[in-house]
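Participant: First the structure, which I've put down as structure tokens, then a few questions once you've had a look.
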């Protein structure tokens, strides 16, 4: 078991190093674009804005991944690595090899995602109903 934890720790540390490199690359490419006057036509500006937004989104995703890796490394040190945060069962090694910073077993993760999807649909339906009611009041 100790060997397995050492192997997973090595994988996590390598992922952390690669993620940090990716964040640095993204920051360097983002800082290379001049922030002064807009250049080019409206299509160039729109394209640059889209690229900047995509870069920010990817940066957020990479930072989240880094946070998850750090949490997994801490769990290894505390002897809590590989335990599902929901059902407290062991997360299968196969899953950990694919997603070394997994916090949930496959079943619990699927249940959580299903609940999130239902909540999102409920919120969207509520917003659409409110929009519909607002239009009726104006008529």
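Every number in this text was worked out from the coordinates using simple rules, so none of it is lab data. This is a predicted model, so every value here is computed, not measured. So basically every Cβ, Gly included, is an ideal-geometry build from the backbone, and we count neighbours across all protein chains shown.
Participant: Determine, for 128, 81, the number of other Cβ atoms within 10 Å of each Cβ, and report the residues in order from fewest to most.
Facilitator: 128, 81
Participant: Let me ask you something else. Multiply the residue gap between residue 46 and residue 106 by 0.36 nm, knock off their C-alpha separation, and tell me the result in nm, one decimal place.
Facilitator: 17.6 nm
Participant: Return 27, 8, 15 ranked ascending by Cβ neighbour count within 10 Å, so the fewest neighbours appear first.
Facilitator: Least crowded to most crowded, the residues run 27, 15, 8.
Participant: Describe numerically, in nm with one decimal, the distance between label points set 7 Å from Cα along Cα→Cβ at residue 60 and at residue 121.
Facilitator: About 2.4 nm separates the two model spin labels.
Participant: Express in nm, to one decimal, how much length is gained between residue 29 and residue 114 on full extension, taking 0.36 nm for each residue of separation and deducting their alpha carbon distance.
Facilitator: 26.9 nm
Participant: Sticking with this structure for a sec: Treat the count of other C-beta atoms within 10 Å as a stand-in for reagent exposure and order 23, 42 from fewest to most.
Facilitator: Ordered by Cβ neighbours within 10 Å, fewest first: 42, 23.
Participant: Assuming R0 = 30 Å, can you tell me the calculated FRET efficiency for the pair residue 10 and residue 87, based on Cβ-Cβ distance, to the nearest 0.05?
Facilitator: Rounded to the nearest 0.05, the efficiency is 0.65.
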